1. Quick one: count up the residues across segment A:463-484 that are assigned to a helix (DSSP H, G or I) and either polar (S, T, N, Q) or surrounded by fewer than 17 Cβ atoms within 10 Å (Cβ to Cβ) (or both).
2. For segment A:390-401, state whether one or more residues are closer than 15 Å to A:ARG471 by Cα and either buried (at least 21 other Cβ atoms within 10 Å of the Cβ) or assigned by TED's automatic domain parsing to the domain that holds A:VAL282 (or both).
3. When you go through (1) under 20 Å from A:GLU580 (Cα atoms); (2) assigned to a helix (DSSP H, G or I); (3) more than 7 Å from every other protein chain (Cβ to nearest Cβ) one by one for B:TYR139, which number turns out not to apply?
4. Give segment A:536-562 a look and list any residue that's closer than 19 Å to A:LEU598 by Cα and either among the hydrophobic types (A, V, I, L, M, F, W, C) or surrounded by fewer than 19 Cβ atoms within 10 Å (Cβ to Cβ) (or both), or say none.
5. Scan segment A:420-444 for residues that are in contact with a strand residue (DSSP E or B) (Cβ under 9 Å, 6 or more places away or on another chain), of a type in the set (Asp, Glu) and under 21 Å from B:MET292 (Cβ atoms) and jot them down.
6. Suppose we filter segment B:217-242 for residues that are surrounded by fewer than 21 Cβ atoms within 10 Å (Cβ to Cβ) and not in a helix (DSSP H, G or I); how many remain?
7. Here's a check for you: in segment A:30-54, which residue that is polar (S, T, N, Q) and in contact with a helix residue (DSSP H, G or I) (Cβ under 7 Å, 6 or more places away or on another chain) is surrounded by the fewest Cβ atoms within 10 Å (Cβ to Cβ)?
8. Name the residues in segment A:747-794 that are modelled with pLDDT under 90 and of a type in the set (Val, Ile, Thr), would you?
Amino acid sequence: MLVPTRWLRTYCDPPLETVALAARLTLTGTKDERTYHHGAKTPDHFVVGVVRDVQPHPNADRLRVCIVDVGETDPVTIVCGAPNVAAGQSVAVALPGAELADGRTLTVAKLRGVESNGMILSEQELALGADHSGILVLSDAPAPGTPLDQLIPLGSDVIEFEITPNRPDCLCIYGIAREVHASTNAPLATPPWAQDPGSFDGDAGAVKISVDCPDLCPRFTARVFEDVTIGPSPLWLKARLVAAGMRPISNVVDITNYVMLVTGQPLHAFDLDQIAGGELTVRRGRPGETIETLDGHTHNAGEDLLVICDADGPTSIAGIMGGARSEVSAQTTRVLLEAATWNGANIQRTALRLGLRSEASARFEKGLSPGQTLEALAVATSLLLEHAGARVLPGTIDVGGPGPEPAPITLRSAQISRLLGTEIPEVRCVEILTSLGFAVDGDADVLSVTPPHFRRGDVTREVDLIEEVARMDGLDRLPATLPPRNGAAGRLTPPQQLRRRAEDALAARGLSEIVGWSFTDPALPDRLRYEADSPLRNVVTIENPLSQSLSILRPTLLGSLLDAARANFAHGARGVRLFESGTVYRAADILADEHHGLGALLSGPGGESWRGDPAASDFYAAKALLEAVVGVAGVELSLVGENLPWFHPGRAAIVMANNTRIGLIGEVHPQVTAAWDLELTSAWTINLDILAGLAPEVIHFTAFSGLPPLREDLAIVVPASVTAAEVIETIRRAAGPSLESIELFDVYIGDQIGEGNVSLALHLEYRTADRTLTTQELDAPKAAIHQALAQIGATLRA
Amino acid sequence: MSTLDRIAALESEATAAIAASASVDALAQTRLRYLGRKSELPLLLRAISQLPPEERAAVGAAANRTRQTLEALVSAREGDLASGAISAAEALDVTLPGSPPLPNGHLHLITQTRREIEDVFLGLGFQIAEGPEVELVEYNFDALNTDATHPSRARSDTFYIDDETVLRVHTSPVQVRAMIAQPPPLYVIAPGRVFRPDNDATHAPQFHQIEGLAVDEGVTLADLKGTLLAFARQIFGDQREVLLRPHFFPFTEPSVEVDVSCFNCQAGYLRDGSRCPLCKGSGWLEVLGAGMVDPNVFAYVAEHGYDPERVTGFAFGMGIERIAMLRHGVPDLRLYFDNDLRFLGQFGAR
């Protein structure tokens, strides 16, 4: 909302500079978005002049030399290029020293050899419009030398305010003036609608208005004007419109816009002679109907559109834009002036659907008060009578009426301090509410407060009144205290703690965390080679995605990790080690099946060093990271080999924690890495929610022995089909309780052990809690181990 | 010269000679000269019987002490010379990088910032609540006093899964879920990912918010101010102040926008007198929206013990990306989601 301060100050003029005024209003809820100056910087050196004589320029065909009386002893010579300049005209003159709106400062200058002591101004140069075809000729002008600013406001500071959607009453100059009044205590002028030359007795030219859908049009008021003369608006009115960001057109249209800017109520002027049948009906559009609006566009009406119709069909889109057919033109003499109240939500939907947002719809969509209609008609009637030569017919059409009076609201002073945490004296509350236009009644501790009609939509409860009191008393005066925090204990839940520990474990091992998109491409499941019946294809689809390639929610973190890896290689990275901690989604009957996933991806060489080969991004490198993460959860990790389409056959596994499936790990399938332009890449993804459920909340102490263990190394050869885990499990089961630990420390494949075999070397440690073991005591477990190993095809190496 | 004097002279001469021996071989020669079987000091000891009896004890003790002193000096010098030989032969280029390398990884800036904010509120006694990202229209809008015709519900402003289900546009529905799950007193923050259909330098279709909610007997707007002041000082510096400006949100009444005094300047201007580029000369940074929980929001969860005549509450919401942008000078929201290691690696592991 653009507010020229000169205009504002005609209603409320606090002793504050523009910047201070803007700052004060910001603190009371009307936020200053920006402040700037419109038009000439100062009114100095702009005067009324009278052209006494016009002579041709000796050296230029298109220039004239004018002798202009500017109220000084001697007239001045001004060179002028306008074709319409003539002796006897009263004109607007800028004298040397004048600062023009475009920033130039005028000086005495020679134009083609003739000295010019000023400039005769066009409408454009006065920021009154676009007309630059000739100079502005003033009618009924005062004496030469009169400061021009007395006729035309030459410049004004302008404050652009952000108006929150609950305050449509502030979408006008007088509404802002009310806020200024309440916020500064400066006196508020009587509203411009206090004098209404119109009347309520009479049939207003017997124009018939019917409203078929009062739910969408709570009030429709109108007046009829005759003997209207279409012409330019007075200069002061044009100047105010331009300063407020609107374009002057003609007196009748300008007056409707001006009244909207002052009162907040949009008006529409119909050429009454162009209304077929001389009567209007407000109804929903019908399929197949079309309407051409003022801007020349044709729209399909349809049932969700509210239209104003005459005998020939729709002639205006209610609350949004008038129709071309009944538009006011230069020939118009009879005007039907409409001021109506529309259902805000309906206006908003329609404006959005048609892509037609106007100054009028922007106000209507917030929901205006029916009381504003007659205020606007009063102001418009005065202006049309004065500036369009009009005669108003007796009577005011009013369909729907003002609606019920706002109900009084109880305000308990105890509630004010209970909500705000500070006491505001009752006398101050009364003062604030009264200054905002509320009627206040009642006695100590309980007030009865009735909102003015223009606040009936936004102030309906005690808490709304408390907000009014709080914002005007000053939130800067509130103390800063802390809440009571009864029973509060701020701590992370165990799953939240685990999430942090797992992320930290990966970051500490050199991985960088990415934050991927929740949105992904519906082609991702194919690119990851999911089987046709894979449950992972059960994705969540967005009805209105930003684009087709962002239309599903990711069913895995793997896509984000692969995308990030590819992007970084494209930027020149040699190896990437990434992880992500975030939500993954699968479709469900209600909402979505979401879990917090953790995924890691290694691609390219890792940890290059000057004295050794870089680590390969292979299965075991990924597994080591998985072990680290599962380790911080305090649960036991095991992998079960499984072929998965997006992983390399034979190099993938299901991740088990305490024998519960928590995720998948593998070297990424060469076809998948090729699709992402990657070399050897390994990855895993786990469900942190499940892992958190398995993690012990408290770890209990386990006694350990101070006695020395007996150590023994074991080297065996087994067929490659036997896994290390099977070997270890076999040994563990055979050895009995004295075997404390087994650690695999070497794997060998080669000629010495025969094809299809693998050699494993293990450290075994035996210990009992109560005594030192003797070598003889190991004979029995060793024999059992050897026998058990033989059963799985393992032989001891010499 | 008495024998005692001669011993003292020998000791000082030999001490100098030992110190001057520059190699293991030279030291051996020196040792031979002063301590060898045929050198002067042993000879003096052997000749002790020729001295008058009253001098023998003193000379013997002095000679022995000197011999022990010199032996110790020789062996110390030997150690010095030997270690000198090791270091010379086995010197390292100490400027080579450590190996094997143990590079630091990095938490994403959003995670770092989120955790810092979480820690502030954990310290103030708040717990961390979480909720689904695919959310019911009911919790995302209805329960939060958002009018059935409110424009934020339009498909231009909200991602829909179906007519009843959306991608949450704010973390506020977690408020509702937290209130349904637990009667007052309730002190929670809800960090999480939210979604809106915008995409440019200052709007991403996904971003992260932290919502806060305190409901208890006697919670006031002044308490909101104090809580956010504590937050502002811990995140932006001890000298910060907060400014509450009246505003409008459907789910709070009164509603405020909260500005934090700019940490980059003095009241809008830098030391050199130029206008602060961060706060654009205003001296204040717009950081979050807040207010007292609207009675209509309590009405929605009234059966769970939320009676606005008994309890009051405040709520606030802030954008994690915005706070990180302000603190770290990140110029473009898209950098957060490009996952370029040249961005990620700038913010160290924390």
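The values are calculated or read from the model by the stated rules, or taken from the named source; none is laboratory data. What you are looking at is a predicted structure, and each value in this text was computed from that prediction instead of being measured. Note that each Cβ is placed from the backbone with ideal geometry, even for glycine, and that neighbours are counted across all protein chains shown.
1. Within segment A:463-484, residues that are assigned to a helix (DSSP H, G or I) and either polar (S, T, N, Q) or surrounded by fewer than 17 Cβ atoms within 10 Å (Cβ to Cβ) (or both) number 2.
2. no
3. (1)
4. Correct list: A:LEU536, A:VAL539, A:LEU553, A:LEU557, A:LEU558, A:LEU561, A:LEU562.
5. Hit for segment A:420-444 is A:GLU426, nothing else.
6. Count: 7.
7. So the residue we want is A:THR35.
8. Listed by number, the residues that qualify are A:ILE753, A:THR768, A:THR772, A:THR774, A:THR775.
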